[in-house]
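The values are calculated or read from the model by the stated rules, or taken from the named source; none is laboratory data. Computed from a prediction, not measured in an experiment: that's the story for all the values here. For neighbour counting, all protein chains shown are included, and Cβ atoms are generated from backbone atoms with ideal geometry for every residue, glycine included. SASA here: full protein model, heavy atoms, side chains in, ligands and nucleic acids out. Shrake-Rupley method; radii C 1.70, N 1.55, O 1.52, S 1.80 Å.
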Amino acid sequence: MTDVESPAYVPGHGLLRGRTAVITAAAGTGIGGATARRLLEEGARVLISDAHPRRLKEHEAALGREFPGAVTAVPCDVTDETQVRALFDAVAATHGRLDIVVNNAGLGGTSTLVDMTDEQWTRVLDVTLNGTFRCTRAALRAMRGTGGGVIVNNASVVGWRAQAGQAHYAAAKAGVMALTRCAAIEAAAFGVRINAVAPSLVTHPHLEKVTSAGLLAELTEREAFGRSALPWEVANVIVFLASGYSSYMTGEVVAVSSRHP
């Protein structure tokens with residue numbers, strides 16, 4: 001297997017200038033945080049959200065120093081419908097309209113099915129699948145009277161491929177894929193496009209804390225480039241799906257890897 005070095009960071013090109021975007025689970029160093037930055041670099045006004053208020057506030061301050069006036073933050077736990085409604089009400093109050101939603105919130109974990117508790121199963125499904133449903137529903141209600149918009153969901157190659165210890169996460173991500181396809185057909189009637197990305201292995205500090213070095217090495221070996229993706233490489237695909245370059249794409253799940261079945 002060839003070990004390919006990570007590419008140079010791609011600068012923004014103003015693809016989303018004048019657009020208003022919301023992204024969930026955007027306070028960390030993973031895909032959410034990278035996507036928030038990429039949206040800002042492409043000219044969007046961005047409302048970042050997360051279930052961890054302290055980290056969210058810190059990330060808002062850091063981004064605000066680079067992109068003054070373009071980023072705001074609203075805490076939101078996507079398992080709470082009241083908080084989801086408040087998040088989308090805040091977008092309307094702050095910006096007047098909504099153009100882009102990135103449903104990034106998700107929760108993983110490792111457990112064999114025989115040892116998995118109901119609480120483990122339910123918690124992963126509630127954050128990852130039900131949370132995406134709640135935010136997609138709220139986004140569509142906000143967008144259907146405004147002439148269009150774009151929703152991008154974060155799925156995973158595990159939604160296609162089997163991996164031991166990941167039954168709850170795989171079921172949730174497969175559900176996100178199905179939700180994306182069905183919602184896209186309904187949303188087309190009022191000009192909203194809905195697609196998803198399906199990353200494989202993406203390096204970030206939280207993943208390294210919760211995953212053994214041995215498993216990370218094994219997963220890395222499966223990647224065509226002999227390395228994991230960087231969060232901004234997934235964010236670039238999200239930007240593409242949010243931009244006019246993908247104007248005829250809806251209901252698609254785009255693998256950000258070589259591991260599509």
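Overall, the accessible surface of the chain at a probe of 1.4 angstrom is composed of carbon and sulfur to the extent of 55 percent.
Identify which of CYS135, CYS182, CYS76 has the largest mean-square fluctuation in a Gaussian network model of the chain, with springs joining Cα atoms closer than 10 Å. Looking only at CYS135, CYS182, CYS76, the biggest GNM fluctuation is shown by CYS182.
Backbone geometry of segment 124-141 corresponds, through the Karplus equation with coefficients 6.51, -1.76 and 1.60 at θ = phi - 60°, to 3J(HN,Hα) couplings of 5, 5, 5, 6, 7, 8, 5, x, 5, 4, 4, 6, 5, 4, 4, 5, 5, 5 Hz, x marking Gly and Pro.
Given R₀ = 41 Å, FRET efficiency for ALA213-GLU58 by Cβ-Cβ distance, to 0.05? Taking R0 as 41 Å, the efficiency between ALA213 and GLU58 is 0.90. Estimated at 0.36 nm per residue, the fully extended path between GLN163 and ALA86 surpasses their Cα-Cα distance by 24.1 nm.
For the pair THR117 and ALA188, the difference between a 0.36 nm per residue extended length and the Cα-Cα distance amounts to 21.7 nm. Calculated accessible area for segment 1-109 comes out at 46 Å² per residue, all protein chains present (probe 1.4 Å; ligands, DNA, RNA ignored). Computed from phi, the 3J(HN,Hα) profile of segment 79-88 under the Karplus parametrisation 6.51, -1.76, 1.60 (θ = phi - 60°) reads 7, 10, 4, 4, 5, 4, 4, 5, 4, 6 Hz, with x in place of Gly and Pro. Packing-based ranking of 19-32, 138-151, 112-125 yields 19-32, 138-151, 112-125, ordered from highest to lowest mean Cβ neighbour count within 10 Å.
Ignoring solvent entirely, what values of log10 I(q)/I(0) come out of the Debye formula for the chain at 0.12 Å⁻¹ when each Cα is a single scatterer? Evaluating at q = 0.12 Å⁻¹ gives log10 I(q)/I(0) of -0.67.
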